[in-house]
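The structure under discussion appears below in the form of structure tokens.
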Amino acid sequence: PLKDSKFRISKSRYDSIDSYISNDPNNKPAYNDIPLVYDEDIYKNLSENGIDDLLARHISHLFIRDPLVIFHELLNIDDNESTDHFENLQSTNWQTMRFKPPPSKTSPIGWRVEFRSMEIQLTDFENAAFAIFIVLVTRAVLSFGTNFYIPISKVDENMKVAHHRNAVLNEKFYFRKSIFPQSRPGTPASGTPSGSPRPTPASLPRTAAANASADCSDEYELMTIDEIINGNPSKGFPGMLGLVNNYLNTLNIDIETRCEISKYLELIKKRANGTLMTAASWMRHFIHNHPEYKQDSVVSESINFDMVKTIEKINKGEISAPELLGNFTV
């Protein structure tokens, strides 16, 4: 038992998500396979005031931590009118995704979900490519009703593996084999969506007892990033880019716009299959080949300065970086 602390917290504030919170029928209780540490008093208060179980656990889990920063002018505020006290804790839990309520009762901003796992890139073009890709993925998910659930424990393993050097090329990650709803007539197990309307929660009743005991180990497998992004035709898996392109095919987009979008998606494709370097690989390559680098893991001030100046020139279009951007121009 703990002597000096209230909670034993196994993960950092800066980590992958700790639980799934959706009431979607696809979210089986078995996927939340790691016990969640949460404040029982806060959970009880939320539950007694009508907050559903998954969301109550999520919020009470946020409150197991202390705030990192306190602003004097925000100490005494009306919690019925402002969410600043809540956001003080919410915004200092830096997980791969964040569920965000409206900032106030009168705000025009609605409920949001943030995708937070991506690192900033070296150029505006790359940042735009990943931003466009993620937005299109969210639209495709909403349009096709896809299912990407795997156990949280496998999400944690994926995050650990992702920190390995050259993981994008050398490692494999757990990913769901079948991402399209099984209940739609004519929908293949994992390939192209049939275009049938996505099922509603009412049409897919959730049996908690059955879901909790169901073995889901056959629902996912280890895949390379190339397979996850670009697909695996031999297994009928479309990949994330295949999903995005299927979504774009349902829209009435003019050729010029589609070509512009394709330019950004091509960068994602080539990063995933290894044709182009990632930002991390490019920086390592630059340092390793710098004349002052002594293969001792010491990045001197002059090496760092030269790298930053080179990145600046790439951003200004003064020099090209085909190994990073291919034929794309900044």
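What to note about this one:
- Filter pass, Ser82 being in the same structural domain as Ile9 (by TED's automatic domain parsing), modelled with pLDDT under 90, among the small types (Gly, Ala, Ser) and not in a helix (DSSP H, G or I): yes
- For beta carbons closer than 6 Å, sequence separation of 6+ or different chains, a first residue in region 130-157 that is assigned by TED's automatic domain parsing to the domain that holds Lys11 and within 19 Å of Phe237 (Cα to Cα) and a second that is surrounded by 18 or more Cβ atoms within 10 Å (Cβ to Cβ) and among the charged types (D, E, K, R), there are no qualifying pairs.
- Enumeration of residues in region 236-252 that are of a type in the set (Gly, Ala, Ser) and either part of a helix (DSSP H, G or I) or buried (at least 19 other Cβ atoms within 10 Å of the Cβ) (or both): Gly239, Gly242
- Of all the criteria given as (1) crowded, with 16+ Cβ neighbours inside 10 Å; (2) in contact with a Lys or Arg (Cβ under 7 Å, 6 or more places away or on another chain), the one not satisfied by Leu222 is (1).
- Qualifying residue in region 102-123 (condition: in contact with a Phe, Trp or Tyr (Cβ under 8 Å, 6 or more places away or on another chain), within 30 Å of Thr250 (Cβ to Cβ) and surrounded by 15 or more Cβ atoms within 10 Å (Cβ to Cβ)): yes
- Qualifying positions in region 46-84 - closer than 29 Å to Asn32 by Cα and among the β-branched types (Val, Ile, Thr): Ile51, Ile59, Ile64, Thr83
- Scan of region 66-109 for residues that are under 28 Å from His163 (Cβ atoms) and not aliphatic (A, V, I, L, M), ordered by number: Asp66, Pro67, Gln90, Ser91, Thr92, Asn93, Trp94, Gln95, Thr96, Arg98, Phe99, Lys100
- Residue that is of a type in the set (Phe, Trp, Tyr) and not in a loop (DSSP other than H, G, I, E, B), where the choices are Tyr43, Tyr38, Tyr20: Tyr43
- If you go through region 60-81 and keep only what is closer than 16 Å to Arg13 by Cα, in contact with a helix residue (DSSP H, G or I) (Cβ under 6 Å, 6 or more places away or on another chain) and of a type outside the set (Phe, Trp, Tyr), you end up with Ser60, Leu62, Pro67.
The values are calculated or read from the model by the stated rules, or taken from the named source; none is laboratory data. Please read all numbers here as calculations on a predicted model, not as lab measurements. Every residue, glycine among them, receives a Cβ derived from its backbone with ideal geometry; neighbour counts consider all protein chains shown.
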